[in-house]
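The values are calculated or read from the model by the stated rules, or taken from the named source; none is laboratory data. Not measured: the values here are computed from a predicted model. Positions of Cβ are backbone-derived with ideal geometry, glycine not excepted, and every protein chain shown enters the neighbour counts. What goes into the accessible areas is simple: the full protein's heavy atoms, side chains included, and nothing from ligands, DNA or RNA. Shrake-Rupley method; radii C 1.70, N 1.55, O 1.52, S 1.80 Å.
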Amino acid sequence: MSDSKNGLTYAEAGVDIDAGAEMVRKIKPMVRSTMRPGADGEIGGFGGLFDLKAAGFKDPVLVAANDGVGTKLKIAIETGIHDTIGVDLVAMCVNDLVVQAAEPLFFLDYFATGKLDPDQGASIVAGIAEGCRQAGCALIGGETAEMPGLYAQGDYDLAGFAVGAAERGQLLPTDDIVEGDVLLGLASSGVHSNGYSLVRRIVEMSGSGWDDTAPFAADRTLGAALLEPTRIYVKPLLNAMRSTHGIKALAHITGGGFPENVPRVLPEVFAAEITLDAIEVPPVFSWLAATGGVAADEMLRTFNCGIGMIAVVAAGQAAQVAAVLQQQGETVTPIGQVIARRESGVVYSGKLEI
């Protein structure tokens, strides 16, 4: 083979294989920290392995979910705060697993960027590993793609993939939901990971910068406050399901808010009656509504408004389920009940105090 002084290399085309290897070296300890029964917590092979028998399952049904974090990524990129967005990535997937009573088992991520910065990548994976530890699942693999020309300088994108399992016959929702069942609302940690195109538009209208003090949180910058990670409800909910057997259905309040997400877990003959004035609305939502002039109905169909998860529970077991969840650190509020459906799948009483 003849030498060519004009021959290009992959690095000169914009892809640095050495940077990718350096990132893998940096993240290996983080991946090991997510070890759990069924997974050895190592990466580097062509595929991740998981042993269902070692995880204790006898007759499992697998449940899979994938998601991203939307334009919340833009705030992480513009602020340079990269160590929490990975928690959001995991949360958006594993919260969708637990609503079906599935225990998250393992997680894989996809990280794409125009120019790989191993330190930035490691910071992102640190958040992913933290989310996996909170959810009790193993980070068993992923993909890092360096694609110059497709992403602008500094931009990146994330996607997450989670697999969980439940024993056959134990999936939610159950088939015994009845009129009068209680809706328990679990408090959110903030905006979570939905509605950020509107959030960013409102911030732009306000004239505030990411480094300015947040108008709704005097001890934090606006950027850091809006990057508060999505709450992961997995361990408290699994504990409550297994110890009380009282949860009939769960709804993860994501894009579409209450009207889109709660009816998904109810039989078509029922609707959810939500008492709005029972909800303690966090200050961030009040600021968004006031600054953007966003109507209450629009807030309810765009954001979680302070309730990140809703549990449908038999009236006689509501206090017991709430107590178990509170012992696990959740803030739980009865926010309504199941009623016979007339037209809409969600009806409201009272007024949202924003």
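With a probe of 1.4 Å, find how much accessible area segment 305-354 has per residue, and write the answer as a whole number in Å².
Numbers: 2350 Å² over 50 residues.
Each residue of segment 305-354 exposes 47 Å² on average to a 1.4 Å probe.
Phi angles of segment 185-196 translate, via the Karplus equation with coefficients 6.51, -1.76, 1.60 and θ = phi - 60°, into HN-Hα couplings of x, 9, 4, 8, 9, x, 6, 6, 9, 10, x, 6 Hz per residue; Gly and Pro are given as x.
7 Å from Cα along Cα→Cβ at both Ala278 and Asp117: what's the point-to-point distance in nm? Distance between the two pseudo-spin positions: 4.6 nm. Amide H contacts of Leu105: Val163, Gly164, Ala165, each under 5 Å away and 5 or more positions distant or on a separate chain (H built 1.01 Å from N in the peptide plane; Pro and chain starts excluded).
Less than 5 angstrom separates the built amide H of Asp16 from those of Leu116, all sequence-distant by 5 or more or on a different chain.
Computed from phi, the 3J(HN,Hα) profile of segment 81-97 under the Karplus parametrisation 6.51, -1.76, 1.60 (θ = phi - 60°) reads 9, 10, 8, 10, 5, x, 4, 4, 4, 5, 4, 5, 8, 6, 5, 6, 6 Hz, with x in place of Gly and Pro.
Entry note, segment 106-169: relative contact order of 60 percent, from Cα contacts under 8 Å with a spacing of 6+ residues.
According to the calculation over all Cα-Cα pairs in segment 246-354, the P(r) per 10 Å bin from zero is 14, 47, 32, 7, 0 %. The count of lysine pairs in the chain with alpha-carbon distances below 29 Å, taking only pairs 8 or more places apart or on different chains, stands at 20.
Phi angles across segment 293-308 convert, under the Karplus curve 6.51 cos²θ - 1.76 cosθ + 1.60 with θ = phi - 60°, into 3J(HN,Hα) values of x, 7, 5, 4, 4, 5, 4, 5, 9, 10, 10, 7, 6, x, 10, x Hz, Gly and Pro given as x. Which value results for Rg/Rh of the chain when Rg is the Cα radius of gyration and Rh the Kirkwood radius based on the inverse mean 1/r? In the chain, Rg relative to Rh is 1.02.
Cβ under 13 Å from Gln153's Cβ, Gln153 left aside: what net charge do those residues give with Lys, Arg +1 and Asp, Glu -1? Intermediate results must be reported in sequence, preceding the final value.
Working: positive: Lys115; negative: Glu78, Asp117, Glu146, Asp155.
In short, -3.
Against the chain, whose longest principal axis comes from its Cα atoms, helix 318-327 is set at around 40 degrees.
Using a probe of 1.4 Å, the accessible surface attributed to Asp219 totals some 130 Å² when neighbouring protein chains are kept in position. Rounded to two decimals, the Cα-based Rg/Rh of segment 160-233, with Kirkwood Rh, is 1.17.
Using heavy atoms of the protein chains and a probe of 1.4 Å, the accessible area assigned to Asp119 is about 100 Å². For segment 75-218, the C-alpha radius of gyration sits at 1.27 times the compact-globule guess of 2.2 N^0.38 Å, with N the residue count.
Counting only heavy atoms of the protein chains, get the accessible area per residue of segment 1-137 (1.4 Å probe) and round it to a whole Å² value. Could the numbers behind the result be given before it?
Values: 6660 Å² over 137 residues.
Result: 49 Å² of accessible area for each residue.
What percentage of the solvent-accessible surface of the chain, computed with a 1.4 Å probe over protein heavy atoms, is contributed by carbon and sulfur atoms?
Values: 8030 of 16130 Å².
Carbon and sulfur together cover 50 percent of it.
Our helix-only sum for the chain, with -39,500 (n - 2.57) per DSSP H run of n ≥ 4 divided by its residues, gives a mean residue ellipticity at 222 nm of -9500 deg cm²/dmol. Does segment 1-147 come out rounded, prolate or oblate, given a ≥ b ≥ c as the square roots of the eigenvalues of its C-alpha gyration tensor, rounded meaning a/c under 1.5 and, failing that, prolate meaning a/b above b/c? Since a/c reaches 1.5 and a/b is larger than b/c, the shape of segment 1-147 is classed as prolate. Seen from all directions on average, segment 145-197 presents a Cα convex hull projection of 8.0 nm². Taking 0.36 nm per intervening residue step and subtracting the Cα-Cα distance, what contour gain separates Asp175 from Gln320 on full extension? Computed gain between Asp175 and Gln320 is 50.1 nm.
Accessible surface of Lys351 in the full protein assembly, 1.4 angstrom probe, to the nearest 10 Å²? Rounded to the nearest 10, that gives 140 Å². Between amide H atoms placed 1.01 Å from N, distances below 5 Å from Arg220 occur with Ala214, all of them 5 or more places distant or on a separate chain. Note that segment 246-295 presents 37 Å² accessible area per residue, ligands and nucleic acids not counted, probe 1.4 Å.
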